[in-house]
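Reviewing the structure listed below.
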Amino acid sequence: MSQLEKRLSPNLRLEWKLLNQQKASSIEFLSLCEKMIEVGEFLLAHDVAKAGLAKHKKDRKLSQKAAHALSKAGSPMMATKILEELVAGGDRGVETHSLLASAYKDLWEYSTDLQSKKKYGELAIARYEEAYSTNSFDNLRTSQQQDLETQYYPCINIAFMHFMSGDVEKGRESADKARQICEKLKERGTYHYWIQVTEAEAHLLLGSIDEAAGVYMEAASSKEAQTSQIASTRKQALQIAGVYEDAEVREKISLAFPKLGIVACSGHLIDGPGDSRRFPPEAEAEAKRKIEEALEEMDANCGYSSAACGTDILFLETMAERGGETHVFLPFAKQEFIETSVRRSDGNWVDRFEKVLDQATSVHYVTREGYNGEDSLFSFCNEIMLGFTAMRGRGLDETPKLLTFWDGQRGSTGGTGELVDRWRANFNEPVVICANEVLSSLAGAGSSSSSTGGVSPASPPAEDKRGKQVSRAVKVMIFADVEGFSKVPEALTPVFVEKFLGGVSGMIESLSKPPAFVNTWGDSFFAVFDDLDDALNLAMQLRDYFSKGDWSELDLRDGLEVRISMHAGPVYEEFDPVLQRRNFFGQHVNQAARIEPIVLPGSVFVSEIMAALLSFGHDDFDFEYVGNLELAKNYGSHPIYILQRTGYKDSI
């Protein structure tokens, strides 16, 4: 728990919020960025570095940290662009070359086709060798200590790349050099975390498995070890261990590392007046004890949950008591959530709700609008919560877990049963605290009957019972606009319209189900989908249609590109008297539209909500973090990602 206490002190999000960006020095930005990288807050670290660069332009260290954060967040392609600019500007430093090599190494790992894998592997080795060649290994005896400290990192990664590419002999030759460098540094009194794990990796590459596991364990348990460092080390160690035929090698190496302990939670609400007996108030103490035991067993330090009375709040309170992170997800406006899912005639649940929100590391709203009796918002909230959980696991190379307090029944829309099905289909078996067993353990509990499960409303708030009810539904929205349309000669406008709209029409016909709504105006396109996969396929087809198409008949030498934005959320479907058909309206339509003007031509930018939905169950698609960007028309800043096909088959 000492690791956790150090990791969470101080509150870095609050520190960032309070930083005077107009007056802060580059060192202040750099220091905060480094602390965020250490604890695994990679996306926020990138935003800090980017904000620092806006004020301190061309600051080399801030550029390096921005790229480092992007790589750690799972965005190596975006990181290479920053680092390649540094190299093109004359930066020959070991750190820049090593970071660029590391980004290429990630691209090598993520690539699925052999041609891309070979290309990125060669680029990674070349950059690591560039970094290593600053001082020759042959001069090791006379090298200064500072020079030695720049050598072990590129040297061990050269060994890793050769070993993983199948050249075991070359890999072990470089691994032995790295081991000797570490020995020299130890003789001179230098032996920090990265030197320790480099020595351990050299042992692993050389086949000394027990020795490697021992050094890894010692390094990971040291006071200086940070969460993100351990995650990075563990990932590479397990990759090497996976090459050995003996499965025991991977098991030994895996046991040498602790994990952050990422856990999502869902479960029953406390029974209200008139509810079936499922989670009565008198069962709270026993449920809390079971949750404490489960979280201890799971070594949980990072929690994701909604905040309904009962299971959710008990989970969040327990996580806070453990000193862990808590990330809270609300399906709609806070006050209405209190009325539907928190307030009960007995108990101080509202006060406890306010406290867990105050203590939360982050609070996310699916929509800040009201409930309107739409239970689909609870399902959508579950999807987003699981997506954020998966994204955090992806950043730290850790498989998250799900904890439930549940009676095993399927339940209602947005309930625990629905969430469990989704989890099982994409991750692993959840840890289930059986609600029926807790009931039966209570003296005189009697029989229990099952009803709905999970975060589900008790009753609509009073205002929802008055006036006309206008329903919303969760939809996926695409906006597209053609870059360079103004360059099309006027006389060729009919040719463009025929090719543009004809092409889009053909793409729509190829989908499994047509969009719920389509509209075009000039060179712009808007579509609304019920099915996420259809929306994703159309967005990528549309991008490729322009990027790879032949537009020479329009007298355009450079062709045409399209800007595409995607977002998902609850929207209103109403009759449009101008179009004389149903149309879609609301804040989430506006947000999708405000993303489109900032998209890089030839790209698809998606919202954080979309990235969360893509995080599991959509294996053909992937994303990279672009940054916290200002949207058009003063819509505020929002986290934005770039969509691509899995395996880096796309060129960005």
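Structure above, values below:
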read-out	value
Filter result (more than 18 Å from Leu536 (Cα to Cα) and either in the same structural domain as Glu374 (by TED's automatic domain parsing) or modelled with pLDDT under 90 (or both)) within region 587-610	Ile598
Among (1) touching a residue at least 24 places away in the same chain (Cβ under 8 Å); (2) surrounded by fewer than 18 Cβ atoms within 10 Å (Cβ to Cβ) - the single one Ser379 does not satisfy	(2)
Breaking point among (1) within 31 Å of the chain's Cα centre (by Cα); (2) touching a residue at least 24 places away in the same chain (Cβ under 8 Å); (3) surrounded by 15 or more Cβ atoms within 10 Å (Cβ to Cβ), for Val215	(2)
Single residue of region 151-185 satisfying the filter (touching a residue at least 12 places away in the same chain (Cβ under 8 Å) and of a type in the set (Lys, Arg)) that is farthest from Ile125 (Cα to Cα)	Lys184
Inter-residue pairs, beta-carbon under 8 Å, first under 20 Å from Gly370 (Cβ atoms) and in region 561-577, second acidic (Asp, Glu) and surrounded by 18 or more Cβ atoms within 10 Å (Cβ to Cβ), 6+ apart	Pro570/Glu369; Pro570/Glu374
Residues located in region 109-126, provided they are surrounded by 17 or more Cβ atoms within 10 Å (Cβ to Cβ), of a type outside the set (Ser, Thr, Tyr) and modelled with pLDDT of 90 or more	Gly121, Leu123, Ala124, Ile125
Flag for Ala24 being among the aliphatic types (A, V, I, L, M), at pLDDT 85 or above and outside any helix (DSSP H, G or I)	yes
In region 263-275, residue modelled with the lowest pLDDT [restricted to those that are among the small types (Gly, Ala, Ser) and surrounded by fewer than 24 Cβ atoms within 10 Å (Cβ to Cβ)]	Gly274
Test: Lys223 is in a helix (DSSP H, G or I), more than 17 Å from Leu255 (Cα to Cα) and not polar (S, T, N, Q)	no
Members of region 549-586 found to be over 30 Å from Ala612 (Cβ atoms), at pLDDT 75 or above and of a type in the set (Gly, Ala, Ser), listed by number	Gly549
Any hit, region 380-389, residues being over 24 Å from Val571 (Cα atoms) and either at pLDDT below 90 or outside the structural domain of Gln591 (by TED's automatic domain parsing) (or both)	yes
Check on Ile37, crowded, with 19+ Cβ neighbours inside 10 Å, assigned to a helix (DSSP H, G or I) and in contact (Cβ under 8 Å) with a residue 60 or more places away in the chain	yes
Residues of region 79-136 satisfying the condition of being hydroxyl-bearing (Ser, Thr, Tyr) and either under 26 Å from the mean Cα position of the chain (by Cα) or in a helix (DSSP H, G or I) (or both)	Thr80, Thr96, Ser98, Ser102, Tyr104, Tyr110, Ser111, Thr112, Ser116, Tyr120, Tyr128, Tyr132
Criterion (modelled with pLDDT of 85 or more and either assigned to a loop (DSSP other than H, G, I, E, B) or surrounded by 14 or more Cβ atoms within 10 Å (Cβ to Cβ) (or both)) met by exactly one of Val497, Val455, Val474	Val474
Contacts under 6 angstrom Cβ, first residue in region 302-316 being under 18 Å from Val366 (Cβ atoms), partner assigned to a helix (DSSP H, G or I) and of a type in the set (S, T, N, Q), 6 or more apart	Tyr304/Thr389; Ala308/Ser341
Among residues of region 46-59, those that are crowded, with 21+ Cβ neighbours inside 10 Å and either modelled with pLDDT under 90 or of a type in the set (Val, Ile, Thr) (or both), counted	4
Selection count where residues are of a type in the set (Ser, Thr, Tyr) and surrounded by fewer than 17 Cβ atoms within 10 Å (Cβ to Cβ), scope region 164-205	2
Where a residue in region 400-412 is β-branched (Val, Ile, Thr) and its partner, wherever it lies, is crowded, with 24+ Cβ neighbours inside 10 Å, with Cβ under 6 Å and at least six apart	Thr404/Ser266; Thr404/Gly267; Thr404/Thr416
Among the residues listed as Arg278, Arg289, Arg343, Arg352, the single one being buried (at least 21 other Cβ atoms within 10 Å of the Cβ) and more than 24 Å from the chain's Cα centre (by Cα)	Arg278
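The values are calculated or read from the model by the stated rules, or taken from the named source; none is laboratory data. Note that the structure is a prediction, hence the values are computed from the model and not measured. Ideal geometry is used to build each Cβ from the backbone, glycine not excepted, and the neighbour counts take in all protein chains shown.
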